[in-house]
Amino acid sequence: MNQPLQPPASAYFITEEKEPSETRTLAVLVDNEPGVLARVIGLFSGRGYNIESLTVSETEHEKHLSRITIVTSGAPHIFGQIKSQLERIVPVHRVVDLTLTARAHGQDGAIERELAIVKVAGKGEQRLEALRLADAFKAEVVDATTEHFIFQITGRVSKIDQFIAIVAPLGLVEICRTGVAALTRGKDGM
């Protein structure tokens, strides 16, 4: 039986799930108007669902539509609840579970990419090593002085995580990440 737990920042009780947790990527097509993002995110926070990554951008200027890409995790039965609750919000036009869509087509997952800007400070051999690692990971130098580099790297989340972990001992100063942008494979759109 599930044991109730009280999370520190939620008015809702969260149950400890016996089912294994999985990560899913959701795409939500919404009207581009004030307050829509707050309502969508409020649904997650109010029910104790964690958002691991969030990106938002207007995708159809003429129609005033934006796409919200959300990476979240939880027990499999939670995702059906999230999707149906999102679809009830009036300015939401469509909700697609990109992870499930990819699985239905026999694929491992959606095409997911992220951009990170990483500042590394160091001198001498550390600078040379940072440049060698950047080259190996196909990271681009976007700013440099005699004391630091700022690298731009794009790719899968795991690639960016690995790059950050490897340059950390060389003088990692600061990181800024965009969050996941994702599309399903194939000719059809959302």
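Can you go through Val120, Val157, Val167, Val141 and tell me which one is in contact with a Gly (Cβ under 6 Å, 6 or more places away or on another chain) and among the aliphatic types (A, V, I, L, M)? Spell out the reasoning first.
Details: Val157 fails: in contact with a Gly (Cβ under 6 Å, 6 or more places away or on another chain); Val167 fails: in contact with a Gly (Cβ under 6 Å, 6 or more places away or on another chain); Val141 fails: in contact with a Gly (Cβ under 6 Å, 6 or more places away or on another chain).
Residue meeting the stated conditions: Val120.
Filter region 153-186 down to the residues that are part of a loop (DSSP other than H, G, I, E, B) and within 26 Å of Thr23 (Cβ to Cβ) and list them by number. Please lay out each step first, then the result.
Quick first cut of region 153-186, residues part of a loop (DSSP other than H, G, I, E, B) only: 156, 171, 178-180, 184-186.
Scanning region 153-186 gives Arg156, Thr178, Gly179, Val180, Thr184, Arg185, Gly186.
Out of the residues in region 104-162 meeting the condition of being of a type in the set (Asp, Glu) and more than 30 Å from Asp188 (Cα to Cα), tell me which one is surrounded by the most Cβ atoms within 10 Å (Cβ to Cβ).
Restricting attention to region 104-162, the residues satisfying the condition of being of a type in the set (Asp, Glu) are 108, 112, 114, 125, 129, 135, 140, 143, 147, 161.
From what is left, the residues that are more than 30 Å from Asp188 (Cα to Cα) are 125, 129, 135, 140, 143, 147, 161.
On the way: Glu125: 9, Glu129: 17, Asp135: 11, Glu140: 12, Asp143: 11, Glu147: 10, Asp161: 13.
Among those that are of a type in the set (Asp, Glu) and more than 30 Å from Asp188 (Cα to Cα), it is Glu129.
Can you tell me how many residues in region 110-130 are in a loop (DSSP other than H, G, I, E, B) and touching a Ser or Thr at 6+ places or on another chain (Cβ under 6 Å)? Let's see the steps before the verdict.
Within region 110-130, the first condition is being in a loop (DSSP other than H, G, I, E, B), and the residues that meet it are 110, 122-124.
Next cut, touching a Ser or Thr at 6+ places or on another chain (Cβ under 6 Å) only: 110.
So the count comes out to 1.
Of everything in region 60-86, what is surrounded by 13 or more Cβ atoms within 10 Å (Cβ to Cβ) and either over 21 Å from Thr23 (Cβ atoms) or in the same structural domain as Leu115 (by TED's automatic domain parsing) (or both)? Give them in sequence order.
Hits for region 60-86 are Leu65, Ser66.
Can you tell me which condition Ile150 does not meet? The list is (1) farther than 26 Å from Leu29 by Cβ; (2) assigned to a loop (DSSP other than H, G, I, E, B), and all the others hold.
Here Ile150 meets the rest and fails (2).
The values are calculated or read from the model by the stated rules, or taken from the named source; none is laboratory data. Since the structure is predicted, the reported quantities are computational estimates derived from the model, not experimental observations. Cβ: placed from backbone, ideal geometry, glycine included. Neighbour counts: every protein chain shown.
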